[in-house]
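First comes the structure, then the notes that go with it.
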Amino acid sequence: MNRLLKSLGLEETSPGAFGGEWLGGGDVLESVSPIDGAVLARVRQASVDDYERVVARAHEAFRRWRTVPAPVRGDLIRRLGHALREVKQELGELVTLENGKIRAEGEGEVQEMIDICDFAVGLSRQLYGLTMASERPAHRMMEQWHPLGVVGIISAFNFPVAVWSWNAAIAAVCGDASLWKPSSKTPLTAIACTRIAERVCRDGGVDPAIFSLVIGKGSTVGERLIGDNRIPLVSATGSCRMGYHVGEVVGRRLGRTILELGGNNAIIVAPSADLDLALRAIVFGAVGTAGQRCTSTRRLIVHESILPVLTERLVNAYKQVRIGDPLEPNTLMGPLIDVDAVEAMMKAIERLKQEGGRVLYGGERLSGPNYPGGRYVTPCIATARNDFRIVQEETFAPILYLIGYSTFEQALAYHNDVPQGLSSAIFTNDVREAELFVSCSGSDCGIANVNIGTSGAEIGGAFGGEKETGGGRESGSDSWKAYMRRQTNTVNYSRELPLAQGIKFGD
């Protein structure tokens, strides 16, 4: 453990604030591994004074960084990607230790960081504006995209490093600095990433404060961040409840937000579906990361004609899920993040039963020497109705609700009748059903897939959802525009001054 921490620039007690220099005058925070409840290391959190110093320094760094040509900014991110490649195994292991996801998913998350760096490098030469035809003679009209400022990044425990990279890498090539407030449940991975970025910046002669960090309580640094006029954009990943508060506070000062909030993701399984294909996608979507992805599959809407056979196959598959130490190569599901998450799962199952649902498999606490720390559970499959109150909510745990349908119109209605709208999928070999699902009359989610599951989005597509999911978009496509300010320019190269709309003013 000490060797791993040291290789990533961590100490037994590390400072938790960075703005060109490492600070930490606040309370000490313990990072506890969900694997066994052991303390991994400690962090000195940011004080109010630390926060002020970090933000001021980040703003100074932005003012210099914005003048650097975008392709040169892209070269820094290229080197950041290479630095991440060099520590992929070590950083992935730390993700597993601090978060509890299996080793393959921990290293996969680091690979996602590498991929977004590659994407951002190409983007650095493609920050395109438009040229528009002017109605006035001898005039040229165009739009430009300029750097915006310091971008606040609030990330959640379930993707402790990838979400930072989605925002920070793209913000950096856009000419922005970033200020990261990670989850207090996963502070070590945040310090490790910031250490890597610091080294890359110093080696390249760049002010490392463009990648700033504040670890601290929401009541201390979190509230200051979202209310800070020096931070024009806040990208926040977390619960819908958190998103409502962030949106309100940032909106009150007319700031911008990118909100990536809860999901209540469903898969529709039609009579024509390839059940072998669907089964693999359902199990990974519902059980992967112990059901703690915002894109985890939570509802399974299955045609009545195939519901019995699919249910039987799912129960058999769940019985084969290997639960335990996520560092072991054969483990498929590790622990939940903490005992509070286990309690929330148990309460959700009780509410399900009270509303008339029935547990078909799982939903039990696991104890004993193979399951230390009180954070291990068996994944749960249950019958439900879509209008159950508990089904309308997102429980961040491996609970899968089975819901039968008779007509495709009914399936779509069930699918869309929840407050959240992140990810969705359908398994069908009927082209009409597939096309309707991805049409404007089909899924109302930000992500709609055909014959693949709800979980595991690629970085090339813009990521995010609708309704209570927040409407924000991160990562690929043209989401870079959210990190910049648009400017419309008109250049008059004539000796006349014609007005738009043919207006005549004086002689």
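The values are calculated or read from the model by the stated rules, or taken from the named source; none is laboratory data. This structure is a prediction, so every number in the text was calculated from the model and none was measured. Here the Cβ is made from the backbone with ideal geometry for all residues, glycine too, and neighbour counts use every protein chain on show. For accessibility, only protein heavy atoms count, side chains too; no ligands or nucleic acids. Shrake-Rupley method; radii C 1.70, N 1.55, O 1.52, S 1.80 Å.
Could you tell me whether any residue of the stretch 166-184 is under 22 Å from residue 106 (Cα atoms) and among the charged types (D, E, K, R)?
Within the stretch 166-184 (the criterion being under 22 Å from residue 106 (Cα atoms) and among the charged types (D, E, K, R)), the answer is yes, since at least one residue qualifies.
Which condition from (1) open to solvent by less than 10 Å² (accessible area, probe 1.4 Å); (2) modelled with pLDDT under 95 is the one that residue 217 breaks?
Of (1) open to solvent by less than 10 Å² (accessible area, probe 1.4 Å); (2) modelled with pLDDT under 95, only one is false for residue 217: (1).
Do you know which of the residues in the stretch 231-260 that are open to solvent by less than 10 Å² (accessible area, probe 1.4 Å) and of a type in the set (A, V, I, L, M, F, W, C) is nearest to residue 59 (Cα to Cα)?
Per the stated criteria, the residue is 231.
Conditions first: (1) part of a loop (DSSP other than H, G, I, E, B); (2) of a type outside the set (Phe, Trp, Tyr); (3) open to solvent by less than 20 Å² (accessible area, probe 1.4 Å); (4) over 26 Å from residue 446 (Cβ atoms). Residue 369 passes all but one, so which condition is the exception?
(3)
Report every pair of residues separated by at least 6 positions or lying on different chains whose Cβ atoms are under 8 Å apart, first residue within the stretch 111-130 and farther than 13 Å from residue 77 by Cα, second modelled with pLDDT of 95 or more and open to solvent by less than 10 Å² (accessible area, probe 1.4 Å).
112/162; 112/165; 127/173; 127/174; 127/484
Please state which one of 110, 87, 72, 95 is open to solvent by 40 Å² or more (accessible area, probe 1.4 Å) and of a type in the set (Val, Ile, Thr). Write out each step before concluding.
Numbers: 110 fails: open to solvent by 40 Å² or more (accessible area, probe 1.4 Å); 87 fails: open to solvent by 40 Å² or more (accessible area, probe 1.4 Å); 95 fails: open to solvent by 40 Å² or more (accessible area, probe 1.4 Å).
None of the others qualify; the one that does is 72.
Could you say which residue among 456, 442 is open to solvent by less than 20 Å² (accessible area, probe 1.4 Å), part of a loop (DSSP other than H, G, I, E, B) and over 27 Å from residue 353 (Cα atoms)? So that I can check it myself, show each step before the final result.
Numbers: 456 fails: open to solvent by less than 20 Å² (accessible area, probe 1.4 Å).
Residue meeting the stated conditions: 442.
Is one or more of the residues making up the stretch 489-498 within 28 Å of residue 291 (Cα to Cα) and either touching a residue at least 60 places away in the same chain (Cβ under 8 Å) or not aliphatic (A, V, I, L, M) (or both)?
no
Go through (1) assigned to a helix (DSSP H, G or I); (2) open to solvent by 10 Å² or more (accessible area, probe 1.4 Å) and name the single condition residue 228 misses.
(1)
What are the pairs, 6+ residues apart or on separate chains, where a residue within the stretch 331-360 that is surrounded by fewer than 17 Cβ atoms within 10 Å (Cβ to Cβ) has its Cβ under 7 Å from a residue that is assigned to a helix (DSSP H, G or I) and basic (Lys, Arg)?
355/389
Would you check if there is a residue in the stretch 405-427 being in contact (Cβ under 8 Å) with a residue 40 or more places away in the chain, in contact with a Phe, Trp or Tyr (Cβ under 7 Å, 6 or more places away or on another chain), over 27 Å from residue 292 (Cβ atoms) and open to solvent by 10 Å² or more (accessible area, probe 1.4 Å)?
No, every residue in the stretch 405-427 fails to be in contact (Cβ under 8 Å) with a residue 40 or more places away in the chain, in contact with a Phe, Trp or Tyr (Cβ under 7 Å, 6 or more places away or on another chain), over 27 Å from residue 292 (Cβ atoms) and open to solvent by 10 Å² or more (accessible area, probe 1.4 Å).
If the Cβ limit is 7 Å and pairs must be 6+ apart or interchain, which residue in the stretch 182-202 that is outside any loop (DSSP other than H, G, I, E, B) pairs with which residue that is open to solvent by less than 30 Å² (accessible area, probe 1.4 Å) and hydroxyl-bearing (Ser, Thr, Tyr)?
Every condition considered, the pairs that remain are 187/31; 188/31; 191/14.
Given the condition out of contact with any Phe, Trp or Tyr (no Cβ under 6 Å at 6 or more places or on another chain), farther than 21 Å from residue 355 by Cα and open to solvent by less than 10 Å² (accessible area, probe 1.4 Å), answer yes or no: does some residue in the stretch 379-399 qualify?
no
Checking residue 202 against (1) surrounded by fewer than 22 Cβ atoms within 10 Å (Cβ to Cβ); (2) under 22 Å from the mean Cα position of the chain (by Cα), which single condition isn't satisfied?
For residue 202, the failing item is (2).
Among the listed residues 226, 210, which satisfies the condition of being among the aliphatic types (A, V, I, L, M), over 29 Å from residue 418 (Cα atoms) and touching a residue at least 40 places away in the same chain (Cβ under 8 Å)? Write out each step before concluding.
Working: 226 fails: over 29 Å from residue 418 (Cα atoms).
Result: 210 is the single residue among 226, 210 that is among the aliphatic types (A, V, I, L, M), over 29 Å from residue 418 (Cα atoms) and touching a residue at least 40 places away in the same chain (Cβ under 8 Å).
Would you mind finding the one in 55, 43 that is of a type outside the set (Ser, Thr, Tyr), assigned to a strand (DSSP E or B) and buried (at least 20 other Cβ atoms within 10 Å of the Cβ)? Talk me through it step by step, then tell me what you get.
Details: 55 fails: assigned to a strand (DSSP E or B).
Sole residue among the options that is of a type outside the set (Ser, Thr, Tyr), assigned to a strand (DSSP E or B) and buried (at least 20 other Cβ atoms within 10 Å of the Cβ): 43.
Within the stretch 113-133, track down each residue that is assigned to a loop (DSSP other than H, G, I, E, B) and open to solvent by 30 Å² or more (accessible area, probe 1.4 Å).
Here is the first cut: in the stretch 113-133, the residues assigned to a loop (DSSP other than H, G, I, E, B) are 124-130, 133.
If the condition is that a residue be assigned to a loop (DSSP other than H, G, I, E, B) and open to solvent by 30 Å² or more (accessible area, probe 1.4 Å), then 125, 126, 127, 128, 129, 130, 133 are the ones that fit.
Somewhere in the stretch 153-170, is a residue touching a helix residue (DSSP H, G or I) at 6+ places or on another chain (Cβ under 8 Å), of a type outside the set (Phe, Trp, Tyr), part of a strand (DSSP E or B) and open to solvent by less than 10 Å² (accessible area, probe 1.4 Å)?
Looking for residues that are touching a helix residue (DSSP H, G or I) at 6+ places or on another chain (Cβ under 8 Å), of a type outside the set (Phe, Trp, Tyr), part of a strand (DSSP E or B) and open to solvent by less than 10 Å² (accessible area, probe 1.4 Å), one finds at least one in the stretch 153-170, hence yes.
Return the residues of the stretch 372-420 that are hydroxyl-bearing (Ser, Thr, Tyr) and not in a loop (DSSP other than H, G, I, E, B); say none if nothing qualifies. Write out each step before concluding.
The first filter runs over the stretch 372-420 and keeps only residues hydroxyl-bearing (Ser, Thr, Tyr), leaving 376, 378, 383, 395, 401, 405-407, 414.
Across the stretch 372-420, the qualifying residues are 383, 401, 405, 414.
Between residues in the stretch 473-488 that are in a strand (DSSP E or B) and residues that are open to solvent by 30 Å² or more (accessible area, probe 1.4 Å) and of a type in the set (S, T, N, Q), which pairs lie under 7 Å by C-beta distance while being six or more apart or on different chains?
Every condition considered, the pairs that remain are 487/144.
Residue by residue through the stretch 489-499, note down the ones that are touching an Asp or Glu at 6+ places or on another chain (Cβ under 9 Å) and in a loop (DSSP other than H, G, I, E, B). Don't jump to the end; show me each part of the working.
First pass over the stretch 489-499, keeping only residues touching an Asp or Glu at 6+ places or on another chain (Cβ under 9 Å): 489, 498.
Within the stretch 489-499, 498 is the sole residue that qualifies.
Just need a number here: residues in the stretch 8-26 that are within 26 Å of residue 374 (Cα to Cα) and either open to solvent by less than 10 Å² (accessible area, probe 1.4 Å) or of a type in the set (Asp, Glu) (or both). Explain how you work it out, then say what you get.
To start, the set of residues in the stretch 8-26 that are within 26 Å of residue 374 (Cα to Cα) comprises 12-13.
Next cut, either open to solvent by less than 10 Å² (accessible area, probe 1.4 Å) or of a type in the set (Asp, Glu) (or both) only: 12.
So the count comes out to 1.
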